[in-house]
Structure formats: structure tokens, C-alpha cells
Amino acid sequence: MSGLLIVDDDVGFRSLVHALLAAGGFSVAGEAADGEGALQAVERLRPDVVLLDVQLPDLDGFEVARRIASRAGTHGPLVVLISSRSASSYRSRLASSPARGFITKSELTGASLSALIG
């Protein structure tokens, strides 16, 4: 496993998630603060999993997930969307998203992420 990429515009949240996931045995390959940074990091780091915030300052997470999937095809990373809002807020967009799953930020744990990525 080449690791996990954390994408969120809140540096404090990224640090918290990094520590939480590292303590849970995940290898964190890197972090990005916005959509363009995420796309560049995916190309550079080739992570296995991208933990991707829905609300980013430049591109939303759904668009970033779509671009990752279109560039990488079936060999790309698994994308898990995260948000402080519930999944029901995004129901229609989640249904057509290439993302593997969705976790609210308040429910994000190593166990919940493991359950999604298998």
C-alpha cells in the first residue's frame, strides 16, 4: 500500500486525521489543501486511497473525484468523500459519483474508513 492522501482545506483537521489514521495503522502518504493540490498529489504520490473533503476552496470534492477517476481509470485510488454535512445532503450527487463511499467528519475513525475500503 502506497498510502492515503488527506484532502481538506482546514490544516487543523488534516493534522487531526493524520494522527488518528497513523495511530490506526494507516500509512499517510501526504496532504493537500484544495482540489488542484489534490490532483497534483494523486499524480505525484500515487496513493491507494484519497480521503477527500466535499467542500474545498477551488473545486468541490465531487469534481475532484470525477477528475481522478477520468485520469486514472480503473487503476486509480479509491476515493472516500468526507463532509461535516450528512450524506443525505448529497444523496443525488453521491449516487452518480465515482467515490467509493462517504463518511461524515464526526464519524471518521480508522474502523469506519477500513469498513469502506475493505
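Readers should treat all values here as calculations from the given coordinates under stated rules, not as data from a laboratory. The shown structure was predicted, so the numbers you read here are calculated from the model rather than taken from an experiment. Because the Cβ atoms are built from the backbone with ideal geometry, glycine has one as well, and the counts that use them run over all protein chains shown.
If each residue of separation counts as 0.36 nm, what is the full-extension length gain between SER89 and GLU43 once their alpha-carbon separation is subtracted?
Computed gain between SER89 and GLU43 is 13.6 nm.
Across the stretch 62-69, in residue order, what do the Karplus-derived ³J(HN,Hα) couplings come to in whole Hz, using 6.51 cos²θ - 1.76 cosθ + 1.60 with θ = phi - 60° and x for Gly and Pro?
Calculated HN-Hα couplings, in order: 5, 5, 4, 4, 4, 5, 4, 5 Hz.
For the stretch 80-118 and the stretch 7-68, what is the separation of their Cα centres, given in Å?
Their Cα centres are 13 Å away from one another.
I need the fraction of alpha carbon pairs in the chain separated by more than 17 Å, rounded to a whole percent.
49 percent
Going by how many other beta carbons lie within 10 Å of each one, how would you line up ARG85, ARG67, fewest first?
Ordered from fewest to most neighbouring Cβ atoms within 10 Å, ARG85, ARG67 come out as ARG85, ARG67.
Under a plain spin-label model, where a point goes 7 Å from the Cα along Cα-to-Cβ, how far apart in nm are THR109 and GLN55?
Each label point lies 7 Å from its Cα, and together they span 2.5 nm.
Using only DSSP helix segments of four residues or longer, with each worth -39500 (n - 2.57), what per-residue ellipticity at 222 nm results for the chain after dividing by its residue count and rounding to 500?
That calculation yields -12000 deg cm²/dmol at 222 nm.
Exposure proxy check: LEU51, LEU21, LEU116 ranked by fewest other beta carbons within 10 Å?
LEU116, LEU21, LEU51
With 10 angstrom as the radius, rank GLU107, GLU31 by how many other C-beta atoms surround their C-beta, starting from the fewest.
GLU107, GLU31
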